[in-house]
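J.: My structure is below; once you've seen it, I'll send some questions.
Read-outs: derived from the displayed coordinates by stated rules, not from any lab. Being a predicted model, the structure only gives us computed values, none of them experimental. Virtual Cβ from ideal backbone geometry, glycine too; neighbours counted across all protein chains shown.
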Amino acid sequence: MPDRPDISAALRRLLLRLHFYAGLLIAPFLLVAAVTGLTYALSYAVEDVLYRDLRTVEPGGEHLSLVDQVDAVTAAHPDWAVTAVRPAAEEDAATVVVVDDGVVRESGASAVVYVNPYTGAVLGDSTSYGSSQAGPMREWVSTLHRSLHLGEPGRLYSELAASWLWVVALGGLVLWIARKRRSGAARGPRDSSPSSGRKPRRAGGFWRPKPSGSGRSRTLAWHGPVGLWLVAVLVFLSVTGVTWSRYAGEHVTELRAALSWTTPALEADSGASGGDHAAHDHSGAAGASPFAVALLDAVYRAALDAGASDPLQITLPSGSSSQYLVNEQQRSIPLGQDQFIVDTGSGAPEVTEELRFADWPVMAQATNVLIAAHMGLLFGLANQLILAAAMLALVLMIVWGYRMWWQRRPKDRLVGRPYPRGGLRGLPWWTVAVIAAVAAGVGWFFPLLGISLAVFVVVDVLLGLYQRFRKPPKVNGDGEVQVSRRAALAGATLSAAVGAGVAMAVASSQDGGGGAAAEEPGVEPFFGDRQGGIETPAQRHALFASFTLSDKALTGEAFDTAMVAANLRALLEDWSAVAAALAAGEAPPKARIDGDDQFDAEAVAAGLDPARLTVTFGIGPGVFAKTGLEAVRPSKLAELPEFDGDKLNPAWSGGDLLLQICADDRQVVSNAFLELRKRAVGYGTLGWVQQGFSSPPAGGGTPRNLMGFKDGSANPKVGSEVFDARVWAVDSEPSWFEGGTYLVFRKIRMRLPDWSMLTAEDQNLTFGRDRDSGVPLSGGGEFDHPDFTALDRSGLPAVPADSHVAVVHDAPMVRRGYNYDYGFLTQGDVSSDAAEDGHLDGHMHAEHPYDAGLLFVSFQADPQAFIDAQEKMAASDRLSEFITAEGSGVFVLPPGAPEGGFVGQGLFES
């Protein structure tokens, strides 16, 4: 089966880190914007209550003329020049007269006087701000939302929030979809055909919260679905909100002008104009003449006759101008944004120019509509309630985000760790170039986003370099640098070799050849986000050892759960220190039971390089009850059932702890096991040990099992999206286990004598692949997915339905098997009967069966994947005739150890 490129997985890691840091550092700005935006959305209703006595009247009779109403205002405020009038549009609405009171307000708000249109009584004065005609309260909230009342510097906060909001929202959407896809891939496809009797699997918790478990996973079960529903609103608010900003807003304006998307407007001689973001009503400041006021009613009727609809604003001419600008003020559905120039120069008012909203450019119309929706005007109260709900949800999203960060924390820290870096390193150069180009373009258009992103990257790189090179040298008790014995021996050997080489060069001038430089010893890192031995390319030798935690001291005194937990921690700390040293080619720390004159297991591997040694630690199902840690037990960890056809030997099954020790040198493996086993004294007892080998072809490729077939052809590429989905634990896990996986171990004995009696064709049909090439019998390449619809020459399926490939091809797990060959064993050494083991009389020795086969190891995000596959094998896989499982176990593999820490550290800090 061909693998997807690992680009998507690396991009996901990069996006996860960006989303984490953006959410962490930009969230305070988003939180302020959300809280002030929530306040603004609610301020409409509050303002209606606060200013009801000014804005509403008791209906009664006919309206007075506009001239009479303006005269009432002039009589009450003779020093205030009238600049515009908004006739009452509703029966219970007051007429609004816009005046110049001589006060210049920073926000650009205009003074207004409210008049009862029926009686001419002046109800009071206030201010009107912006195209939404906000009162003082909403004006104050709007300025708070936009600039925190800090002037131009304060606008940087809102621009930063608006610039990043769409990045955080879309990034979260991609991560949530990818997470659920990986979760679904990890469960594998489900047969939902009518014959199966099964219902199609639904994506649990994708569209609506389905909280389960505890800790970070429970919080994420709310954060993800709520964010999914919220993302469209957040992107909309980000895109429309950035148009008000200082720097990105200029680019938006330039872009609209270049594409002819600007909002058109009529201009009277007074210079009045309108626009989407008008900071105040452009109504003139010089005031209107009494003659201009006297013609108000006639101008109003002329505009209505031309098709204008209330509510209207009539801006009076100033000086000698005879042109009135009449603007429709309806920002809600149905929109009214038509504009008219009414000229009285010829005596009778007549409409000389008009600009209909329907004639605006489409994008200008869309901009006007979207801005109205952003301001809560488009759908009235419903619009405001939607905005309020969105802002409240955003506040919850931010709180949940910080809570998840806190829930990821180690026990002795206040906050969690960031997601690992390295996403860019996993990408090809051309992808990095594309990302850099896109980031540069986005950063230019959104300057504050670009500057802050650049700061993030620079600081992150510097921190990474600091952490990479800060590791201090080891020192002894006197503060002197400590050099390991192996390093000292290597240094001495190197010095001797150099001296010998110099002597040989002096002694002989005839040898002009130069020897090739020795290869650098293979070292696999021990510390990291994930344990080695999972993604690591398979080494040639492996040893699996199971231990049972002791519930009694060597003296016979019983341990309580707290003591067992303390012993487990001490053992994992000790094992981690030993494994880290051995993997680096260093001498391990002295065991607590060792004396100065006791046997030093390091001597077993003296002179050998680490040979890519990895040590992987697993924890069995019984540990959590023994240690009192049931509350943080991984949700899917349970003992495996015994399947049909199994003949399990309890002595080769289960266990509390598992060591998987792999290296390219068998003696290095044995040395590591001796060192680690010694550390378990007093903490646990050895249960069983299995040893295996894997021999890849000389030219590279997939290794073969003892049946002669390639083993692992269906494994996805390490680091690919498929690999990550199959292996790494996702939903419903305790937070400490994130980045871990489940290991299933099976000792599978092969009935090789019976197998060897089959023809090559029968063997191929049993596996569903060609033995020599590994290609599916349906054709293609070794890594191609089998075509189960393909027919052979006889018209039968090319890949039989009961072949091994057909039965388990869709199992969402990754295999890492090793062959074993223990030779002839006595009957007491084996668990299955000799007569049932395929060792027929006359072929070999029935009383001394041959024990060889496969140490099967699989990694999966959910052990149910293995259980499903094994049940299908037991029911219909013809390969089952030739194999018998004699050992079995399931373990959780915790995430990797942090630098200087130990594997399983998060378990004790959760």
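J.: Going by how many other Cβ atoms sit within 10 Å of their own, how do Trp164, Trp229 line up, fewest first?
T.: Trp229, Trp164
J.: Another one. Give the shape of the range 748-793 as rounded, prolate or oblate, defined through the alpha-carbon gyration tensor: a ≥ b ≥ c are the square roots of its eigenvalues, a/c under 1.5 means rounded, and otherwise the shape is prolate if a/b is larger than b/c and oblate if not.
T.: Values: a/c = 2.54, a/b = 1.88, b/c = 1.35.
Prolate, since a/c reaches 1.5 and a/b exceeds b/c.
J.: Just to confirm a number: summing +1 for Lys and Arg and -1 for Asp and Glu over residues other than Leu448 whose beta-carbon lies under 15 angstrom from that of Leu448, what do you get? Don't skip to the end; give the middle numbers.
T.: Numbers: positive: Arg146, Arg155, Arg246; negative: Glu152, Glu159, Glu250.
Residues close to Leu448 contribute a combined charge of 0.
J.: Related question: Can you list residues whose amide H is under 5 Å from Gly380's amide H, if they're 5+ apart or on another chain and H is modeled 1.01 Å from N?
T.: Hits under the 5 Å cutoff: Ile333.
J.: Points 7 angstrom from Cα along the Cβ direction at His785 and Glu535: gap in nanometres?
T.: 2.5
J.: Follow-up question, since we're still on this one. Within the range 719-741, whose backbone N sits under 11 Å from a point 7 Å along Cα→Cβ of Ser8?
T.: Inside the label zone: 720-725.
J.: What ranking do Ile386, Ile661 get, fewest neighbouring Cβ atoms within 10 angstrom at the top?
T.: Going from least to most buried by this count: Ile386, Ile661.
J.: Among Phe737, Ser695, Ile748, whose Cα lies farthest out toward the positive end of the dipole of the range 541-909, if unit charges sit on the beta carbon of Lys, Arg (+1) and Asp, Glu (-1)?
T.: The one lying farthest along the dipole's positive direction is Phe737.
J.: Moving on. May I ask you to evaluate 6.51 cos²θ - 1.76 cosθ + 1.60, the Karplus curve with θ = phi - 60°, for each residue of the range 234-248 and list the ³J(HN,Hα) values in order in whole Hz, giving x for glycine and proline?
T.: 5, 5, 4, 5, 5, 5, 6, x, 5, 5, 8, 6, 6, 9, 5
J.: Would you mind putting 244-253, 359-368 in packing order, based on average other-beta-carbon counts within 10 Å, highest first?
T.: Per-residue Cβ counts within 10 Å, averaged per peptide and sorted highest first, yield 244-253, 359-368.
J.: Run the quick spin-label model on Arg301 and Ala265: label points 7 Å from Cα toward the beta carbon, then report their separation in nm to one decimal.
T.: Result: 3.1 nm between the two label points.
J.: Here is a further query. Pairs Lys678/Lys710; Lys180/Lys717; Lys636/Lys678; Lys636/Lys747; Lys180/Lys647: which exceed 26 Å Cα-Cα?
T.: Flagged as over cut-off: Lys678/Lys710; Lys636/Lys678; Lys180/Lys647.
J.: Which distance in nm do the two modelled labels at Thr119 and Ala358 give, with both placed 7 Å along the Cα-to-Cβ direction?
T.: Taking the two extended label points, one gets 4.2 nm.
J.: Right, something else. Can you list the HN-Hα couplings for the range 813-824, worked out from phi with the Karplus curve (6.51, -1.76, 1.60; θ = phi - 60°), rounded to whole Hz and with x for Gly and Pro?
T.: 8, 10, 8, 8, x, 10, 6, 9, 8, 8, x, 6
J.: If you rank Asp862, Asp644 by fewest surrounding Cβ atoms within 10 Å, what's the result?
T.: Asp644, Asp862
J.: Another question about this same structure. Which whole-number percentage describes the relative contact order of the range 541-909, with Cα contacts under 8 Å and a sequence gap of 6 or more?
T.: Over the range 541-909, the number comes to 25 percent.
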